[in-house]
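Below is one structure, written out as structure tokens, with a few remarks after it.
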Amino acid sequence: MILIVDDNPDNIFSLQKLLESKNFKVDTAHSGEEALKKILKHNYALIILDVQMPDMDGFEVAENIAGFSKTKETPIIFLSAVNTDKRFITKGYNSGGLDYVTKPVDPDILMLKVKTFYRLYEQTQALKEIQQTLELEVERRKQAQKELRSKVDYLHTLLESLPQIAFSCDYQGNIDFVNGRWFQFSDSASSFPETHPDDMPIATALNESLGFGRPLEMEVRIRKRDVMDYSYQLLRVWPILENSKNNWIGTFTDIDAQKRAEKEKDEFLSIASHELKTPLTSIKAYMQLLDRKLKLDRECAEAKYVSRVQGQVEKLNSLITDLLDLSKIDNGKLGINKKMFLLEHMVQNAIDSIVQTHDQSNMNLYREGDISGLMVYGDEIRLEQVLVNFLTNAYKYAAGTEKVIVQCTVINDFVKVSVIDFGIGIPANKQKEVFDKFYRVEETSFDFQGLGIGLYICSEIIRSHQGEIAVESSAGKGATFYFTLPLNPVTDVK
Ligand code: ADP
């Protein structure tokens, strides 16, 4: 808005008309005093000020305006009777926003000046707004930084109080914080503890994970600075903020005692199963002798008892064999002796041994698929063990149903051997885990005996044949366990 200050109503009227015709908003004052009151109340883009007024002249008004901080920047155009008045104009008013027009006013010249000042005013306003937004932004950022700093301090205090070694780093593994415990294992806050020669250096492991935005979890051996022996630690590195690639937090948790206990348990299992195996083999042999003798008199009650004992001994034998295999896998010593063999031969042997050990069962075993003459490369005995395991499970978990199917199909360059049963099945969310060590489906574990290691051993055997092992099932409707073997396997590097 523009303020016109003049004691002559005619002048005000004509100026007001002129400005309004050019779409400017106009306010008016008829004396210096009235002008000052209005100036203090409102914001004007420009003041057009008559110099010669009774009581308070234009220069006095201008001097007053210059004295108020709110108005000192407001530009003024003086309307003066004579040109020489202009030397008074700058007195006390240094904003630079000053000009004059001599009377009688030339409308074109006045409009030119008004427009210039008005544009200047608009630009100044826009700049002020930008400045204000920038100041706000700077303030907001300062505040955010302060909050972040206090969060980081809080986090660091937390990390100091942990019983673990803790650190934070960026995605390239550059460390920016370590807690006190760190220095038990490393002499520098910028380098990771040294790992066992057989383990991957931590910096390498971090690079391979964090660089791709993946959290890291690994067991690693590191040692205290003043100790010779390495101890097992679980290293976990997670992003501080979800989806943030750059800030990671890591902890080393001491799992050495746990690892040692696990090793002792494995050793115990290995020794115990070895020791159990020897007397069991003798029991089996004597039972066979007894069985042969009693078979001469089939009707006698002892023959039945012996046959039951033999069944139980067989179960015990397979449990112990599984335990032995487990410890061999743990020690990387599960022997696999591969050669070319007739697949049909292996499948038939597995079926025969199952039928023999389940002669009391009402289950009918069907075959599907012709694989006669098909040769495969692998360990026949171990693969038979897998198929026997599938079949034993089918008889166990589908007890009471009537059929089990062994299906063999050649698909492109591999052969697929499946055992299909119609028993209790496995819920979809548990199917992957049945191949894990000691895993048993919780809902059914009370109703069936087992250790939960058979399928784990099977998966290790099939893995060493470059095959696939899996299950397809829907709970209550049965399960199809299958494995595949490549028909043209990549020959093992010895
Ligand atoms: P075990 O049978 O001794 O418990 P396995 O490793 O052979 O151990 O099997 C693991 C688990 O998978 C079993 O405990 C059972 O819950 C489930 N499972 C295996 N085979 C079948 C099947 N044919 N039908 C339903 N569940 C099965």
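Below 8 Å, C-alpha to C-alpha, sequence gap of six or more: please give me the relative contact order for the chain in percent. Working shown, then result.
On the way: 726 pairs, mean separation 33.1, N = 494.
Taking the mean separation of contacting Cα pairs over the length of the chain, I get 7 percent.
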Item to check | Peptides ranked, highest mean first, by Cβ atoms within 10 Å: ranges 101-108, 376-383, 229-236 | outcome: 376-383, 229-236, 101-108
Item to check | Å² per residue, accessible surface of the chain at 1.4 Å | outcome: 60
Checklist entry - Taking a ≥ b ≥ c as the square roots of the eigenvalues of the Cα gyration tensor of the stretch 394-486, is the shape rounded (a/c under 1.5), prolate (a/b larger than b/c) or oblate? => result oblate
Item to check | Between the stretch 310-373 and the stretch 443-494, the Cα center-to-center distance that results, in Å | outcome: 13
Checklist entry - Expressed as an acute angle from 0 to 90° and rounded to the nearest 10, what is the orientation of the C-alpha long axis of helix 454-463 relative to the principal long axis of the chain? => result 80
Checklist outcome for this item: A student asked for the Cα radius of gyration and Dmax of the chain in angstrom ought to give 46.7, 150
Checklist outcome for this item: Quick calc: nm separation of the 7 Å Cα→Cβ label points for Ala126 and Glu139 -> 2.5
Next on the checklist: Quick query: amide H of Thr28 versus all other amide H atoms, modeled in the peptide plane; which residues come in under 5 Å with a sequence gap of 5 or more or a different chain?
Outcome noted: Ile4
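Would you work out if the stretch 140-262 is rounded, prolate or oblate? Take a ≥ b ≥ c from the square roots of the eigenvalues of the alpha-carbon gyration tensor; rounded if a/c is under 1.5, else prolate when a/b is larger than b/c, oblate otherwise.
On the way: a/c = 2.15, a/b = 1.66, b/c = 1.30.
Prolate, because a/c is 1.5 or more and a/b exceeds b/c.
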Next on the checklist: What are the ³J(HN,Hα) couplings of the stretch 380-389, residue after residue, when phi is run through the Karplus curve with 6.51, -1.76, 1.60 and θ = phi - 60°? Round to Hz, x for glycine and proline.
Outcome noted: 4, 5, 5, 5, 5, 4, 5, 5, 4, 4
Checklist outcome for this item: Each label sits 7 Å from Cα toward the beta-carbon; between Glu34 and Asp254 the label points are separated, in nm, by 9.1
Checklist entry - How about Lys70: which lysines have a C-alpha closer than 24 Å to its C-alpha, ignoring those fewer than 8 places off in the same chain? => result Lys25, Lys37, Lys38, Lys41, Lys91, Lys113, Lys115, Lys128
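Count the DSSP beta bridges whose two residues both fall in the chain, then state the antiparallel fraction as a percent rounded to the nearest 5.
70
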Next on the checklist: Using 29 Å as the Cα-Cα cut-off, could you pick out the over-long pairs in Lys151/Lys245; Lys315/Lys432; Lys338/Lys416; Lys304/Lys338; Lys284/Lys416; Lys277/Lys477?
Outcome noted: Lys304/Lys338; Lys284/Lys416; Lys277/Lys477
Checklist outcome for this item: Longest principal axis of the chain (C-alpha) makes with the long axis of helix 343-357 (C-alpha) an angle, in degrees to the nearest 10, of 70
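The values are calculated or read from the model by the stated rules, or taken from the named source; none is laboratory data. Since we're looking at a predicted model, the values are computed, not measured. All Cβ positions, glycine included, derive from the backbone under ideal geometry; neighbour counts span all protein chains shown. Ligands, DNA and RNA are stripped out before the accessible areas are found, and what is left, the full protein with its side chains, is counted by its heavy atoms. Shrake-Rupley method; radii C 1.70, N 1.55, O 1.52, S 1.80 Å.
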